[in-house]
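Q: My structure is below; once you've seen it, I'll send some questions.
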């Protein structure tokens, strides 16, 4: 017996049901795709972006205020621009999306870094920013000493208070940055001598510190703490580091929140240019980066390619590169003249050679 023929109405209902199932399947697939795409766009990834930031001419002004103000020594006119360079990075309280991370990875003068390297777990945004400010202040202090030494000005090295333990006998009495002149009437000239004078006193006895704070002499009494062989430099609740005494008064005003140590070299060059006769730049637009130590050693920094991008946008023609960062520039295309420097004196010499058109032997990256 044959199979009954399907009526036209039955075929229509079957086709409609099939179409409904196909449409529903397509709709669900499209919706899933949209949700996945939205998730990819909006969900944060564990990276931060590094992009070219701003530049600041350290020989110029921010508004009506000089970036570097010097008194107590002769200052000379300068020419040209000497710019510090910065990196713009994802803020500690912000997150990077996947498309943003991909763009930062592929576009020139940009990069991505694992977030935990830049913002260690367990640290708040305020803590990170505070550490960046301290590094900037240390960089400025070192830049002053290095520049004054390069200019032949007198520098006296003294022990200084590096930190004060909260709740110790020195807390709210001694301050970080205090230069230690004497302890209990004995002049001190080295860190070891200061630590020894503290250790020689009995626990609970009084220590009288003669210090220089903001160039003013102060006598401060604190109690000598209990013996702690594991931490003998904190017997009075302080750690001791290097400090420096000099004549000129030098202050900085960047007009914005810039942190980290990488502007040290540029600060030193700007100070040196201002306190020595003859323009160092001869009208050139120079930018650079690099940490600086008190003895003039230039150290490497992060984000070198981003800073070169910032310098290019800022109109510089010459860029000073820490010697240790040259390997980070392999394959980089730039019109800037990249000069390799290992010390402040290297940078001064290179700029002098540019002025004299002796460029053949300049060290390049």
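The values are calculated or read from the model by the stated rules, or taken from the named source; none is laboratory data. Here the structure is a predicted model, which is why all the values come from computation and not from measurement. Cβ sites come from the backbone with ideal geometry, for glycine too, and all protein chains shown count toward neighbours.
Q: Which residues, taken from segment 48-84, are within 19 Å of the chain's Cα centre (by Cα), in a strand (DSSP E or B), in contact (Cβ under 8 Å) with a residue 40 or more places away in the chain and under 26 Å from residue 109 (Cα atoms)? Walk me through how you get there before you give the answer.
A: Residues of segment 48-84 within 19 Å of the chain's Cα centre (by Cα): 48-58, 67-68, 82-84.
Filter again for in a strand (DSSP E or B), leaving 48-57, 68, 82-84.
Filter again for in contact (Cβ under 8 Å) with a residue 40 or more places away in the chain, leaving 48-56, 68, 82-84.
Matches in segment 48-84: 48, 49, 50, 51, 52, 53, 54, 55, 56, 82, 83, 84.
Q: How many residues, within segment 313-332, are in contact (Cβ under 8 Å) with a residue 24 or more places away in the chain and over 21 Å from residue 297 (Cα atoms)? Let's see the steps before the verdict.
A: Quick first cut of segment 313-332, residues in contact (Cβ under 8 Å) with a residue 24 or more places away in the chain only: 313-326, 328-329, 332.
Imposing the further condition that a residue be over 21 Å from residue 297 (Cα atoms) reduces the set to 313-317, 332.
Matching residues across segment 313-332 total 6.
Q: What residue, among those in segment 333-361 that are free of Cβ contacts under 8 Å to residues at least 40 places away in the same chain and under 22 Å from the mean Cα position of the chain (by Cα), is farthest from residue 314 (Cα to Cα)?
A: Checked segment 333-361; the qualifying residue farthest from residue 314 (Cα to Cα) is 340.
Q: Please go through segment 349-365 and give me each residue that is at pLDDT below 85 and either touching a strand residue (DSSP E or B) at 6+ places or on another chain (Cβ under 8 Å) or under 22 Å from residue 327 (Cα atoms) (or both), ordered by number. Please lay out each step first, then the result.
A: So in segment 349-365, the residues at pLDDT below 85 come out as 356-361.
The answer is 359, 360, 361.
Q: Quick check on residue 261: is it over 19 Å from residue 60 (Cβ atoms), in a loop (DSSP other than H, G, I, E, B) and touching a residue at least 24 places away in the same chain (Cβ under 8 Å)? Let's see the steps before the verdict.
A: On the way: over 19 Å from residue 60 (Cβ atoms): yes; in a loop (DSSP other than H, G, I, E, B): yes; touching a residue at least 24 places away in the same chain (Cβ under 8 Å): yes.
In short, yes.
Q: Take the residues of segment 115-133 that are touching a helix residue (DSSP H, G or I) at 6+ places or on another chain (Cβ under 9 Å) and within 12 Å of residue 91 (Cβ to Cβ): which is surrounded by the most Cβ atoms within 10 Å (Cβ to Cβ)?
A: In this case the residue turns out to be 119.
Q: Can you work out which of the residues in segment 328-348 that are at pLDDT 95 or above and assigned to a helix (DSSP H, G or I) is nearest to residue 287 (Cα to Cα)?
A: If we take residues in segment 328-348 being at pLDDT 95 or above and assigned to a helix (DSSP H, G or I), then 347 is nearest to residue 287 (Cα to Cα).
Q: Same structure, new question: Confirm whether residue 268 is crowded, with 20+ Cβ neighbours inside 10 Å, touching a residue at least 60 places away in the same chain (Cβ under 8 Å) and assigned to a helix (DSSP H, G or I). If you could, list the steps in order and put the result at the bottom.
A: Numbers: crowded, with 20+ Cβ neighbours inside 10 Å: yes; touching a residue at least 60 places away in the same chain (Cβ under 8 Å): yes; assigned to a helix (DSSP H, G or I): yes.
Against the criterion (crowded, with 20+ Cβ neighbours inside 10 Å, touching a residue at least 60 places away in the same chain (Cβ under 8 Å) and assigned to a helix (DSSP H, G or I)), residue 268 qualifies.
Q: Which condition number in (1) without any contact (Cβ under 8 Å) to a residue 60 or more places away in the chain; (2) touching a helix residue (DSSP H, G or I) at 6+ places or on another chain (Cβ under 9 Å) is the one that residue 282 fails?
A: (1)
Q: Filter segment 270-304 for residues that are farther than 16 Å from residue 324 by Cβ and under 17 Å from the mean Cα position of the chain (by Cα) and give the result.
A: Listed by number, the residues that qualify are 287, 294.
Q: Could you say which residue among 286, 318, 298 is at pLDDT 95 or above, farther than 22 Å from residue 66 by Cα and surrounded by 24 or more Cβ atoms within 10 Å (Cβ to Cβ)? Step through it out loud before you land on a result.
A: Values: 286 fails: farther than 22 Å from residue 66 by Cα; 318 fails: surrounded by 24 or more Cβ atoms within 10 Å (Cβ to Cβ).
The match here is 298.
Q: Given the options 58, 85, 73, 78, name the one that is farther than 24 Å from residue 316 by Cα, in contact with a helix residue (DSSP H, G or I) (Cβ under 9 Å, 6 or more places away or on another chain) and outside the structural domain of residue 179 (by TED's automatic domain parsing). Reasoning before the result, please.
A: Numbers: 58 fails: farther than 24 Å from residue 316 by Cα; 85 fails: farther than 24 Å from residue 316 by Cα; 78 fails: farther than 24 Å from residue 316 by Cα.
Among 58, 85, 73, 78, only 73 is farther than 24 Å from residue 316 by Cα, in contact with a helix residue (DSSP H, G or I) (Cβ under 9 Å, 6 or more places away or on another chain) and outside the structural domain of residue 179 (by TED's automatic domain parsing).
Q: Also, quick follow-up: Would it be correct to say that residue 240 is crowded, with 19+ Cβ neighbours inside 10 Å, farther than 20 Å from residue 52 by Cα, in contact (Cβ under 8 Å) with a residue 24 or more places away in the chain and in the same structural domain as residue 140 (by TED's automatic domain parsing)?
A: Numbers: crowded, with 19+ Cβ neighbours inside 10 Å: yes; farther than 20 Å from residue 52 by Cα: yes; in contact (Cβ under 8 Å) with a residue 24 or more places away in the chain: yes; in the same structural domain as residue 140 (by TED's automatic domain parsing): no.
So residue 240 does not fit the description; no.
Q: Checking residue 117 against (1) more than 19 Å from residue 295 (Cβ to Cβ); (2) assigned to a helix (DSSP H, G or I); (3) in contact (Cβ under 8 Å) with a residue 12 or more places away in the chain, which single condition isn't satisfied?
A: Tallying (1) more than 19 Å from residue 295 (Cβ to Cβ); (2) assigned to a helix (DSSP H, G or I); (3) in contact (Cβ under 8 Å) with a residue 12 or more places away in the chain, residue 117 fails exactly one: (3).
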